[in-house]
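The values are calculated or read from the model by the stated rules, or taken from the named source; none is laboratory data. Just so it is clear, the structure is predicted and the values come from calculations on it, not from any experiment. Neighbour counts are summed over all protein chains in view; Cβ atoms, including those assigned to glycine, are modelled from backbone coordinates with ideal geometry.
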Amino acid sequence: MSGKNNPISSFIKNVLEGYPEVLHIAIPLILSTSSLTLALFVDRLMLSWHSINDVAAATPGGITYFTICCFFQGTAQYTNTLVAQSHGAGDRLGCSKAVWQGIWFSAFSLPLILACIPLGQWTLGNTGHEPCIVELEKQYFTILMYSGVSLPLNAALSSFFSGRGQTSYILIGNLIGNLGNIALDYLLIFGNFGFPELGIKGAGIATAVTNFVPTIYWVYIFLSPRYQATYRTRREAYLDSRIFKALLKFGLPAGAQFILDVGSFTAFVLIVGKLGEIDLAATNIALSVETLSFLPMVGMSIATSAIVGEYIGRKRPDIAQKRVLCALSLALSYTALVAIFFWVAPDLLLRLFQPHQDTTNNFEVLMKKGVIIVRIIGAYTLFDTVFIIFNGALKGAGDTKFTMWAQITIAWIFFVPPVYIMTKYLGMGLFTAWIWMLVYVIVIGTVFWLRFRSGHWKTISVLD
C-alpha cells in the first residue's frame, strides 16, 4: 500500500500539519476568552461577597444587555469570515475593506443600541422578580448599554487579526481590558482605596469603561504605519457596496442566530427567576461556573471560523474539513476534563460564591440546588462544545441562513415554550427546567453536527 493512500500515514500527516495550525490560531483566542471568563467569574464572585441580591440581579441584567447587543456583535463578527476569505485569496486590500465595513456597521448600530434601553428596562420590569432585584437589574443593564457599541466595534476590529491568524493581538487587547475590569470591580463594588461603595453599579461602570480598552489598542495597531504600508488600512475607510452587502447578506443571519441563541438563555433565566430568589441565584451562580467550560470554547469557535474561511478562500474545503475535526477533538479534550470536575467537585466552585455574612442560611439551600445544576451542566457540556465548534465552522463557510433557522426552530419552539409551560402551568420546578436544558443542548449539538457532515457548506460562495 502506498504512503499516499495509507490511512495511518494520512492520519499522522493531519496531526503534524493540522493540530499545530489550529493551536497557533486558537491558543491566543482561547486565552483571550479565558481571561474574559476569569473577569466575569471574579465579577460575579465579588458581587456575591457584596450581597446575594447583587449576584441574583447581575445575570438577568447582564444577559438582557448582551441579548440586545449580541445581534449587532454577531453581525459585525462576520467580518472575521470576510477577512479570512480575502486573506486566503491573497487580497490584502479586501482584508482592510472588510474591517472598515464592520466599523461602519458598528457606527450605524449605535443609535439603535441606545434606543433599545427602554425596551430592556421594560423587559426586566415584567419578569416577576422581587422589586428590589428588578431595581438592581435595571441599574446594571442601563450602565452596560451605554457601552454597547463596543461589542460590534471590537468584533470588527479584532477580525482584522483573527481572520489573518495574528491572534496574539486579540489576546493582548482583551487581557488588558479584562484585568482592568477586575481592578475596577475591586475599587467600585466595595469602595476600596477611597472610592465610593457602589455594589452592582460599580460592577457595571467597571465593565462599561474597560470595554473600550481593547478598542483603543486595536485601532492603534490597525492604523499603524506597518499595516498602512501593506494593507492600506487608512485609505480604505469608505463604504464598499459589494463587501458591505456581503456583510449584511451573511452577517445579519449570523447576528440573528446569535441573538436567538443568547435570547433563549435569557428567557430561560427570566422564567426560572419567577420560581423564587434562591432558584434564580442558584441558576445565576451555576451559569457563572459554566463560563469555565463555555467561554474558552468560544475562542476555539472563532479560530475554527477563521480557518474555514481562509481555506474556502483558497478553494480547499477538503483541508477546511480536516482542520475543523482537529479543532473539535482539541475542544472536546478540554471540556471533558471540565465536565469531570463539574461532576466530582461542584461544591468547591460554588462555595467560592458564599457571602462573607450569611445570617439567613440561604446560601446552604442555594448550595444544594447549585450542586445538582452544575452536574447537569457537566452532563451537557460536551454536546455544547460540538454545537459551538460546528457553529463556527458553518459560519466560516457562509452557511448562516441554516444556523439562523435551526436556532429559531430548536431554541424557540423546542426549548423555551416547554420550559415556560412546565414551570408556569404544570407546577414543575427548577430541576425539570434544567433537565430540559440538557435535552435542548443535546439536540442542537446533534443537528449542527449533521449539517456539517452533509457537506452543503462547501458549495456556498460569499465574496464571488
Next item on the list: Please tell me if ILE243 is of a type in the set (Val, Ile, Thr), closer than 30 Å to VAL374 by Cβ and not in a loop (DSSP other than H, G, I, E, B).
Entry: no
Item checked: Pair list, Cβ under 9 Å, 6 or more apart: segment 63-83 residue closer than 11 Å to SER305 by Cα, other residue buried (at least 24 other Cβ atoms within 10 Å of the Cβ) and of a type in the set (Lys, Arg) -> GLN77/LYS395; TYR78/LYS395; ASN80/LYS395; THR81/LYS395; LEU82/LYS97
Next item on the list: Need at least 3 residues that are among the small types (Gly, Ala, Ser) per element, so show me which helices (runs of 4 or more DSSP H) inside segment 265-383 make the cut, counting only ones lying wholly within it.
Entry: 277-313, 317-344
Check: Within segment 229-264, which residues are of a type in the set (Val, Ile, Thr) and surrounded by fewer than 20 Cβ atoms within 10 Å (Cβ to Cβ)?
Finding: THR230
Next item on the list: Take ARG234 and decide whether it is assigned to a helix (DSSP H, G or I), free of Cβ contacts under 8 Å to residues at least 60 places away in the same chain and farther than 19 Å from ALA76 by Cβ.
Entry: no
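Yes/no per residue for (1) farther than 14 Å from ALA57 by Cα; (2) without any contact (Cβ under 8 Å) to a residue 40 or more places away in the chain; (3) of a type outside the set (Gly, Ala, Ser); (4) part of a helix (DSSP H, G or I):
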| position | (1), (2), (3), (4) |
| --- | --- |
| SER86 | yes, no, no, yes |
| PRO111 | yes, yes, yes, yes |
| THR123 | no, no, yes, yes |
| GLY128 | no, no, no, no |
| LEU151 | yes, no, yes, yes |
Check: If you scan segment 265-288, which residues turn out to be closer than 25 Å to LEU337 by Cβ, surrounded by fewer than 24 Cβ atoms within 10 Å (Cβ to Cβ) and not aromatic (Phe, Trp, Tyr)?
Finding: LEU287
Margin query: Restricting to segment 317-340, count the residues that are of a type outside the set (S, T, N, Q), touching a residue at least 24 places away in the same chain (Cβ under 8 Å) and under 21 Å from LEU287 (Cβ atoms).
Written below: 6
Note to self: Give me the residue from segment 106-122 that is out of contact with any helix residue (DSSP H, G or I) (no Cβ under 6 Å at 6 or more places or on another chain) and not aliphatic (A, V, I, L, M) and, out of that set, farthest from GLY202 (Cα to Cα).
What the structure shows: PHE108
Next item on the list: Would you please name the residue that is nearest to PRO20 (Cα to Cα), looking only at residues in segment 349-373 that are under 25 Å from the mean Cα position of the chain (by Cα) and modelled with pLDDT under 90?
Entry: LEU349
Check: Restricting attention to segment 420-433, and to residues there that are over 20 Å from GLN407 (Cβ atoms) and not aliphatic (A, V, I, L, M), which single residue is modelled with the lowest pLDDT?
Finding: GLY427
Notebook entry, point to check: Quick one: which of PHE363, PHE431 is of a type outside the set (S, T, N, Q), surrounded by fewer than 17 Cβ atoms within 10 Å (Cβ to Cβ), touching a helix residue (DSSP H, G or I) at 6+ places or on another chain (Cβ under 9 Å) and within 26 Å of VAL55 (Cα to Cα)?
Noted result: PHE431
Notebook entry, point to check: Taking segment 381-408 as the search range and keeping residues that are of a type in the set (Phe, Trp, Tyr) and under 29 Å from VAL289 (Cβ atoms), which one is surrounded by the most Cβ atoms within 10 Å (Cβ to Cβ)?
Noted result: PHE390
Margin query: If I ask for residues that are polar (S, T, N, Q), surrounded by fewer than 20 Cβ atoms within 10 Å (Cβ to Cβ) and in a loop (DSSP other than H, G, I, E, B), which ones from segment 153-183 would you list?
Written below: GLN166
Notebook entry, point to check: Of the residues in segment 202-227, how many are outside any helix (DSSP H, G or I) and among the polar types (S, T, N, Q)?
Noted result: 2
Next item on the list: From LEU252, LEU198, grab the single residue that is in contact with a helix residue (DSSP H, G or I) (Cβ under 9 Å, 6 or more places away or on another chain) and at pLDDT below 95.
Entry: LEU198
Note to self: Take LEU82 and tell me if it is of a type in the set (A, V, I, L, M), in a helix (DSSP H, G or I) and more than 23 Å from LYS315 (Cβ to Cβ).
What the structure shows: no
Margin query: Could you list, ordered by first residue, the pairs with Cβ atoms under 9 Å in which the first is in segment 421-439 and in contact (Cβ under 8 Å) with a residue 60 or more places away in the chain and within 19 Å of ALA281 (Cα to Cα) and the second is of a type in the set (S, T, N, Q) and surrounded by 14 or more Cβ atoms within 10 Å (Cβ to Cβ), at least 6 apart or interchain?
Written below: THR423/THR432; GLY429/THR423; LEU430/THR283; LEU430/THR423; ALA433/THR283; ALA433/THR423; TRP434/THR283
Check: Can we say SER106 is more than 17 Å from PHE161 (Cα to Cα), hydroxyl-bearing (Ser, Thr, Tyr), buried (at least 22 other Cβ atoms within 10 Å of the Cβ) and modelled with pLDDT of 95 or more?
Finding: yes
Notebook entry, point to check: Within segment 412-436, which residues are part of a loop (DSSP other than H, G, I, E, B) and among the hydroxyl-bearing types (Ser, Thr, Tyr)?
Noted result: TYR425
